[in-house]
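The values are calculated or read from the model by the stated rules, or taken from the named source; none is laboratory data. Because the structure is a prediction, the values reported are computed rather than measured. So basically every Cβ, Gly included, is an ideal-geometry build from the backbone, and we count neighbours across all protein chains shown. SASA here: full protein model, heavy atoms, side chains in, ligands and nucleic acids out. Shrake-Rupley method; radii C 1.70, N 1.55, O 1.52, S 1.80 Å.
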Amino acid sequence: MKITSQSGKVITLEEAIKYTSLFQKQNPNAINSYFIGIEKLQELLKQNNCIGMRIYPGINNQTNQSNLVLIGVDKNGDDISEGVILEELITCPPLCPNESSLLNRR
């Protein structure tokens, strides 16, 4: 497997529902989703030589909350560590969509 600007796979809604339902069933107290605004995402992706992003799980040591760290990746598959790095994504819970096929309502 190679890192390219085409990495990733488009899946159907049905596949997404299976993946998220199983995760939510096995991890009832986990964060169900993360939201990032389009402007921040575009800021990350428009960096010079950026072909995609890498997502790292992390824990904020001040709040002890898990979150994700997003960083741009160049054509060599290396992190663009001198560029835009994002964190503090909005989590669900507490801020969940009113309706989503991917969210099991407890």
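How tilted is helix 13-26 with respect to the longest principal axis of the chain? Cα atoms for both, answer in degrees (0 to 90, nearest 10).
Between the helix axis and the principal axis of the chain, the angle is about 70 degrees.
Measure off, as a whole percent, the carbon and sulfur share of the 1.4 Å-probe accessible area of the chain, all protein chains present.
On the way: 4410 of 8350 Å².
Taking all protein chains in place, the chain shows 53 percent carbon and sulfur surface.
Quick check: residue separation of residue 23 and residue 102 times 0.36 nm, minus the Cα distance between them. What number comes out in nm?
Net length gain for the segment: 27.4 nm.
Normalising by the residue count of the chain, find the relative contact order in percent from Cα pairs under 8 Å and 6+ residues apart.
30 percent
Using +1 at the Cβ of each Lys and Arg and -1 at the Cβ of each Asp and Glu in the stretch 55-102, identify which of 98, 85, 66 lies farthest towards the dipole's positive end.
After comparing all options, I get 98.
Relative to the present Cα-Cα distance, how much length would full extension add between residue 95 and residue 12 at 0.36 nm per residue of separation?
27.4 nm
Tell me the net charge near residue 54. Cut-off is 12 Å between Cβ atoms, residue 54 excluded, with +1 for each Lys or Arg and -1 for each Asp or Glu.
Residues close to residue 54 contribute a combined charge of -3.
For residue 81 and residue 42 in one chain, what is 0.36 nm times their gap in residues minus the Cα-Cα distance, to one decimal in nm?
Contour length minus the Cα-Cα distance gives 12.4 nm.
Run lengths n ≥ 4 of DSSP H only: what is the helix-derived mean residue ellipticity at 222 nm for the chain, with -39500 (n - 2.57) per run over all residues, to the nearest 500?
-6500 deg cm²/dmol
Enter the accessible area per residue of the chain (Å², integer; probe 1.4 Å; all protein chains in place).
Accessible area per residue: 79 Å².
With semi-axes √(5λ) of the Cα gyration tensor in Å in mind, check (i) 35, 20, 10; (ii) 26, 18, 13; (iii) 32, 15, 11 and report the label derived from this structure.
Derived directly from the coordinates: (ii).
With charges set only on the Cβ (+1 for Lys and Arg, -1 for Asp and Glu), what does the dipole of the chain come to about its Cα centre, in debye to the nearest 20?
420 debye
Which of rounded, prolate or oblate describes the stretch 19-58 when judged by the alpha-carbon gyration tensor and an a/c cut-off of 1.5?
Taking the square roots of the gyration eigenvalues as a ≥ b ≥ c, the stretch 19-58 is prolate.
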